[in-house]
Amino acid sequence: MSPRKLKVVLTRRLPDAVETRMRELFDAELNLKDQPMDRAALQAAVQRAEVLVPTITDVIDADLINGAGEQLKMIANFGAGVDHIDVDAAVARGIIVTNTPGVLTEDTADLAMSLILAVSRRIVEGAQVVAEGRFEGWTPTWMCGRKLWGKRLGIVGMGRIGQALARRAKAFGLQVHYHNRKPVPALIEEELGATYWDDLDQMLARMDIVSLNCPATKDTHHLLSAERLARLQPHAILINTARGELIDEAALAQAVAMRALSGVGLDVFENEPAIHHGLLGQSNVVLLPHLGSATLEARQDMGDRVIANVMTYQNGHRPPDRVIPAML
Ligand code: 8YV
């Protein structure tokens, strides 16, 4: 006998093929409005869902979790980062939390590399010049960016995405340096030609480019504080495709205004979708609207992982991508 279909509530529209499959496999309830659920809608959703499928636009905090009905057994996040979910509160109530690791690694690393290129070679600025009809002919000294080959890239967070970025960076002739809670295995370090820095402050002071690739946790909130930003060299470029909370955004705007660093590329913001006004309209700041995993393939794969997790649970087994607080 096949198991009873679980009541699965999706907070956002997901790719068509994912929704269709979810309707086949589960008692799936879609959010046809494709607007983030407001607090009241989320509170109502956790009264009827056995499995909630949230995204980064939902705040799944302890209040929401503690107010959920007894029927809520699983939070199957559509996304890798779970900083919008109070995993401790969920686990304390016996609610399983899963995510979608691995399937957005290459895409997010591509975007980080794109931002490195865009900022260092002034790609967005150049495209704007042409689009606005301001290209009046080549000159030897105009629109010069900075060479990548031979420069030092410091990766903060050498997990899957950090390593995928390191592979790309190596191919571009960058020297890879990294800071992480602990060094990666020697074999990987060797493959990437990467140098480990135990001390983040020291690494920041010596890099030409710094890329943030670590999760947002209580320990990494404002990891790049005003003091740390001040350690960057004036010619340095800062890239963030991880989480906005990692940087004190007001301090970064101040650093940009004071020309304390030469360029910034951000895909994520502290108060998304709001962006600190000091970062807007700056020729050396490239801002993207959280596009890290925004490829058709990655979004499909993320959906497939959510389905695999829920299906495994529905069949009475342990879901493959369980998030346990000790991992965070
Ligand atoms: C996703 C992300 O778009 O997976 C993540 O952690 O940051 C994004 O790339 C988002 O999380 C979807 O919920």
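Only the coordinates and a few stated rules stand behind these numbers; no lab work does. This one's a predicted model, so the numbers in the text were calculated from it and none came from an experiment. Reconstructed Cβ throughout: ideal geometry from the backbone, glycine too, with neighbour counts over all protein chains shown.
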request  = Using amide H atoms built 1.01 Å from N in the peptide plane, name the residues 5+ places from Arg121, or on other chains, whose amide H lies under 5 Å from its own.
outcome  = Arg146
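If Lys and Arg each add +1 and Asp and Glu each add -1, what is the summed charge of the other residues whose beta carbon sits under 13 Å from the beta carbon of Gly150? Before the final figure, lay out each step's value.
Working: positive: Arg146, Lys147, Lys151, Arg152, Lys170; negative: Asp208.
Local net charge: +4.
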ask   = Which residues in region 230-257 have a backbone N closer than 13 Å to a point placed 7 Å from the Cα of His222 along the Cα-to-Cβ line?
value = 245-252
task = Would you mind checking which residues have amide H under 5 Å from Thr100's amide H? H placed 1.01 Å from N; only 5 or more apart, or other chain.
result = Gly79, Ala80
query = Of the GluC sites (Glu not before Pro) in region 126-197, which ones lie in a loop per DSSP and count no more than 11 other C-beta atoms within 10 Å?
reply = Glu132, Glu136
task = Please list the non-local residues whose amide H lies under 5 Å from the amide H of Gly265, H modeled 1.01 Å from N, same-chain partners needing a gap of 5 or more.
result = Leu238, Ile239, Asn240, Val286
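Only bridges whose two residues both fall in the chain count here: according to DSSP, what percent of them are antiparallel, nearest 5? Each step should come with its number before you reach the end.
Working: 2 of 37 bridges.
The antiparallel fraction comes to roughly 5 percent.
Please identify the trypsin sites (Lys or Arg not before Pro) of region 208-241 that satisfy two criteria: DSSP loop assignment and at most 11 other Cβ atoms within 10 Å. Which are they? If you can, show how the numbers build up before the last one.
Working: sites: Lys218, Arg228, Arg231; in loops: Lys218, Arg231.
For trypsin sites (Lys or Arg not before Pro) across region 208-241 that sit outside H, G, I, E and B with at most 11 neighbouring Cβ atoms in 10 Å, the list reads Lys218.
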ask   = Which of the lysines could be linked to Lys33 by a straight reach, that is with a Cα gap under 28 Å, when you skip same-chain ones fewer than 8 residues away?
value = Lys5, Lys7, Lys73
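Taking loop as defined by DSSP and a crowding limit of 12 other beta carbons within 10 Å, which chymotrypsin sites (Phe, Trp or Tyr not before Pro) in region 175-232 fit?
Details: sites: Tyr178, Tyr196, Trp197; in loops: Trp197.
When the chymotrypsin sites (Phe, Trp or Tyr not before Pro) of region 175-232 are filtered for loop state and at most 12 Cβ neighbours within 10 Å, nothing remains.
Tell me the net charge near Gly162. Cut-off is 14 Å between Cβ atoms, Gly162 excluded, with +1 for each Lys or Arg and -1 for each Asp or Glu. If you can, show how the numbers build up before the last one.
Details: positive: Arg160, Arg167, Arg168, Lys170, Arg181, Lys182, Arg243; negative: Glu106, Asp110, Glu189, Glu191.
In short, +3.
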key: Sequence-distant lysines (8 or more away, or on other chains) whose Cα lies within less than 27 Å of Lys170   = Lys147, Lys151, Lys182
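At 222 nm, what value in deg cm²/dmol follows for the chain if DSSP H runs of at least 4 each add -39500 (n - 2.57) and the sum is divided by all its residues, to the nearest 500? Before the final figure, lay out the partial values.
Values: 12 runs with 112 residues, N = 328.
Estimated from H runs of four or more residues: -10000 deg cm²/dmol.
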query = Just how large is the dipole of region 219-328 about the Cα centre, in debye to the nearest 20, putting +1 at every Lys and Arg Cβ and -1 at every Asp and Glu Cβ?
reply = 160
